[in-house]
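This report concerns only the one structure given below.
The values are calculated or read from the model by the stated rules, or taken from the named source; none is laboratory data. Just so it is clear, the structure is predicted and the values come from calculations on it, not from any experiment. Glycine also receives a Cβ, built like all others from the backbone with ideal geometry; neighbour counts cover every protein chain displayed.
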Amino acid sequence: PNMTLEAAQELLVEAITAGILSDLGSGGNVDACVITAGGAKLLRALSTPTEPVQRAGHYRFAPGTTPVLTREVRPLTLELLEETVQAME
């Protein structure tokens, strides 16, 4: 409540950047929507913490066209160390 718009945007950029750098599927831009009594303003690409990667080629595969080269199913062997059952009250 006692934060300036600039300070709030800096905090937002730091928080979203931490998420982007920790999760490769998050994308690379920080977008925000500032909502005030006067309306809403969308801020696209407020920050771009990652650089775009140039791909070596254009890869487009129709669904189901990528072959499975090998398949191996390994059973898991688990050992139950302790089991506790409690009645719900």
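For this structure, a couple of remarks:
- Residue within region 63-77 that is closer than 30 Å to Glu14 by Cβ, free of Cβ contacts under 8 Å to residues at least 60 places away in the same chain and β-branched (Val, Ile, Thr) present: no
Residues checked against (1) charged (D, E, K, R); (2) under 29 Å from the mean Cα position of the chain (by Cα):
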site	(1), (2)
Glu6	yes, yes
Val13	no, yes
Ala18	no, yes
Ser22	no, yes
Ser26	no, yes
Ala40	no, yes
Pro49	no, yes
Leu76	no, no
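Results for (1) basic (Lys, Arg); (2) in contact with a Leu (Cβ under 6 Å, 6 or more places away or on another chain), shown as yes or no for each residue.
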residue: Ala8; (1), (2): no, no
residue: Leu12; (1), (2): no, no
residue: Ile20; (1), (2): no, no
residue: Ser26; (1), (2): no, no
residue: Asn29; (1), (2): no, no
residue: Cys33; (1), (2): no, yes
residue: Arg44; (1), (2): yes, no
residue: Glu51; (1), (2): no, no
residue: Arg60; (1), (2): yes, no
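- Exactly one residue out of Arg74, Arg60 is surrounded by fewer than 10 Cβ atoms within 10 Å (Cβ to Cβ), modelled with pLDDT of 85 or more, in a loop (DSSP other than H, G, I, E, B) and basic (Lys, Arg): that is Arg74.
- Pick from region 1-51, criterion assigned to a strand (DSSP E or B) and among the hydroxyl-bearing types (Ser, Thr, Tyr), ranking: surrounded by the fewest Cβ atoms within 10 Å (Cβ to Cβ): Thr36
- Any pair with Cβ under 6 angstrom, 6 or more apart, that starts in region 22-35 at a residue that is free of Cβ contacts under 8 Å to residues at least 60 places away in the same chain and ends at one that is assigned to a strand (DSSP E or B) and hydrophobic (A, V, I, L, M, F, W, C): Asn29/Ala45; Val30/Leu46; Ala32/Leu43; Ala32/Leu46; Cys33/Ala40; Cys33/Leu42
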